[in-house]
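These notes are about the structure you will find just below.
The values are calculated or read from the model by the stated rules, or taken from the named source; none is laboratory data. If you're wondering where the values come from, they're calculated on a predicted model, not measured in any experiment. Neighbour counts run over all protein chains shown; Cβ positions are idealised from the backbone, glycine included. Calculation scope for accessible area: heavy atoms of the full protein, side chains included, ligands and nucleic acids excluded. Shrake-Rupley method; radii C 1.70, N 1.55, O 1.52, S 1.80 Å.
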Amino acid sequence: MLLWVSNNTQIHSTTASDLDIQPALALAARSAAGQVVPVSNASNNPRVHADNAHSTFKKILAKNLGLDEVTLNPLPGSNIKRPDYTFVVYNVDETFNIDGANGGKVYKFQNGILNTFTFSPTGTSYLFGVDNANISPGVAGTLKCKMDSPGVVVSMSAELNRVMGKDPIIVNRWAAAKLVKVN
């Protein structure tokens, strides 16, 4: 019986994390990175509108994981409980800051509370340290993500709603998406 429960838990966690959570996170990141400031696009120097990107990320993630779009609380039938995440918009510089494309902006959603802060990247590429539901701009983490053009980086942690058993199953995933300028 114990072996059966263990096997069932493994199948459930793998299916939920690899077939549900990772694709939903990647789609939400790509959709968020597509929130380009029109004036930056017109000048052939595209930048991501930070607040629009975060709003789009949250909406797409909620829709694909069965969560409420405002609170991210699970709706009936969702595989996960309310997630924690860090969402970062990276825009290389402050060129279009006045238009909503901050050089860098971090959205940290923990225990249902959203905190934000900005940072000023320097250089033509930037390193992000990625850990479970946390991203540290300019610092190495457990994983490293180097961005060389405007885009987003997100790390999420979520507890699965268990089918059986009582120990929590925590899934940690991350994704990044960047703008690629084609001449």
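Quick grid of which residues meet (1) outside any helix (DSSP H, G or I); (2) within 16 Å of the chain's Cα centre (by Cα); (3) at pLDDT below 95; (4) among the acidic types (Asp, Glu):
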residue: ASN45; (1), (2), (3), (4): yes, no, yes, no
residue: ALA53; (1), (2), (3), (4): no, yes, no, no
residue: LYS59; (1), (2), (3), (4): no, yes, no, no
residue: LYS63; (1), (2), (3), (4): no, yes, no, no
residue: LEU72; (1), (2), (3), (4): yes, yes, no, no
residue: TYR85; (1), (2), (3), (4): yes, yes, no, no
residue: VAL92; (1), (2), (3), (4): yes, no, yes, no
residue: THR95; (1), (2), (3), (4): yes, no, yes, no
residue: PHE109; (1), (2), (3), (4): yes, yes, no, no
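Looking at the stretch 73-92, can you tell me whether even one residue there is open to solvent by 10 Å² or more (accessible area, probe 1.4 Å), within 25 Å of GLY103 (Cβ to Cβ) and not acidic (Asp, Glu)? Taking every residue of the stretch 73-92 in turn, at least one turns out to be open to solvent by 10 Å² or more (accessible area, probe 1.4 Å), within 25 Å of GLY103 (Cβ to Cβ) and not acidic (Asp, Glu). Considering the stretch 138-170, the residues that are closer than 19 Å to THR95 by Cα and not acidic (Asp, Glu) include one that is nearest to the chain's Cα centre (by Cα), namely VAL152. In the stretch 51-72, which residue that is free of Cβ contacts under 8 Å to residues at least 40 places away in the same chain and more than 20 Å from THR116 (Cα to Cα) is surrounded by the most Cβ atoms within 10 Å (Cβ to Cβ)? Looking at the filtered set, the residue picked out is LEU67. If you check PHE119, PHE128 for being surrounded by fewer than 18 Cβ atoms within 10 Å (Cβ to Cβ) and among the aromatic types (Phe, Trp, Tyr), only one passes: PHE119.
Those residues that are aliphatic (A, V, I, L, M) and either closer than 22 Å to ASP20 by Cβ or touching a Cys at 6+ places or on another chain (Cβ under 6 Å) (or both), I need them from the stretch 136-168; list them, please. Listed by number, the residues that qualify are LEU143, VAL152, VAL153, VAL154, MET156, ALA158, LEU160, VAL163, MET164. The single condition among (1) touching a strand residue (DSSP E or B) at 6+ places or on another chain (Cβ under 9 Å); (2) under 28 Å from ASN97 (Cα atoms); (3) at pLDDT below 95 that ILE21 does not satisfy is (2).
Candidates are the residues of the stretch 140-183 that are open to solvent by less than 90 Å² (accessible area, probe 1.4 Å) and polar (S, T, N, Q); the one that is modelled with the lowest pLDDT is ASN161.
Residue pairs whose Cβ atoms lie under 6 Å apart, sitting 6 or more positions apart in sequence or on different chains, and linking a residue in the stretch 81-101 that is over 11 Å from HIS49 (Cβ atoms) to a partner that is open to solvent by 10 Å² or more (accessible area, probe 1.4 Å) and in a helix (DSSP H, G or I), are PHE87/HIS54. In the condition set (1) in a strand (DSSP E or B); (2) in contact with a strand residue (DSSP E or B) (Cβ under 6 Å, 6 or more places away or on another chain); (3) within 28 Å of VAL70 (Cα to Cα), LEU114 is compliant with all but (2).
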